[in-house]
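Asker: One structure follows; several queries about it will come next.
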Amino acid sequence: MSLIEPPKDPVFDQQDVAHDLPLDSHPDSMQVLKHVGVIDERYREVCRLTPHGINKPNRRYVMSDESSQHQVIETLIKDLSRKDAMKCRSAREALVEIGSPAVPHLIKALLTGKNWTRWESAKALGEIGDAEAVPALIEALVDKRFDVRWLAAKGLINIGWRSITPVIESLIQHADSVWMRDGSHHVLHALSHGQFNEPLKPIIKSLEGVEPAVVIPQVGRTVLEELKPIESQIIKEEEDARRRAEEEAEQAAAEAKLETDLEARLQKELGPD
């Protein structure tokens, strides 16, 4: 069982209503969308606007160039610090939709922002799930606010196995920190399944035992060595799967082109009706 229990959302623990509000009730959202290539046939995925706001299954923020993207993200980051909770939530959800391009900006906000900004940034980074955020989320495991620490741990769990080694490395360096031990326990316990179950048992046991600050460094280094071949195998499998997918896509495109060429040749040979 994890040593950390989830806190209540300090603002939205009653009812999630912001998601269903029309866009015109969020002036900042409308202003942001004016900078975004929302209806643009050049993009395969666009944000579909309806009278009730954004079409949830297909909503996606797309930008026509890097300059407008940066401008939109900076506007949304600033909105995270607003006192209006609905505007904060709307900005966070937009940043999550933008995804990886927003991660560096959210990392900066997490590490340097005020209390509420850090909360929103940690939540957004966890929902995006980009491994680039792992170091910042690990640093946030010792944030002075409990709810930020909990969201950081939740984000690391969402990112998955790529969080495990960095968490253990940080734990070894900061084994004397109670907050780091608690957050690490939360993350490692949640990720100790499948092929990571057995290798992580010693470090989890050390975190739950007597004098963990003394035991963890040595145990942690041993666990890291055991994890190396497992993680290398996962990376290889992912690369193989990616390569197969690319080859299949190329083959499908070639077959489609061949079929199109054959149809065009056939029509040319048959001539007009």
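Asker: Would you pick out the residues in the stretch 162-189 that are of a type in the set (A, V, I, L, M, F, W, C), part of a helix (DSSP H, G or I) and either crowded, with 17+ Cβ neighbours inside 10 Å or touching a Pro at 6+ places or on another chain (Cβ under 6 Å) (or both)?
Answerer: 164, 167, 168, 171, 172, 180, 187, 188
Asker: Within the stretch 130-150, how many residues turn out to be closer than 16 Å to residue 167 by Cβ and without any contact (Cβ under 8 Å) to a residue 24 or more places away in the chain?
Answerer: 0
Quick grid of which residues meet (1) under 30 Å from residue 186 (Cβ atoms); (2) of a type outside the set (Lys, Arg); (3) touching a residue at least 12 places away in the same chain (Cβ under 8 Å):
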| position | (1), (2), (3) |
| --- | --- |
| 209 | yes, yes, no |
| 217 | yes, yes, yes |
| 221 | yes, no, yes |
| 224 | yes, yes, yes |
| 240 | no, yes, no |
| 257 | no, no, no |
| 261 | no, yes, no |
| 269 | no, yes, no |
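Asker: Right, next: For the stretch 94-112, which residues satisfy the criterion of being of a type in the set (Val, Ile, Thr) and either under 14 Å from residue 143 (Cα atoms) or outside any helix (DSSP H, G or I) (or both)?
Answerer: Within the stretch 94-112, 107, 112 qualify.
Values quoted throughout were computed directly from the atomic coordinates according to the rules given, and no laboratory measurement underlies them. Bear in mind that the values here come from a model prediction, so they are computed numbers and not experimental data. Cβ coordinates were reconstructed from backbone atoms using ideal geometry, including for glycine residues, and neighbour counts include every protein chain displayed.
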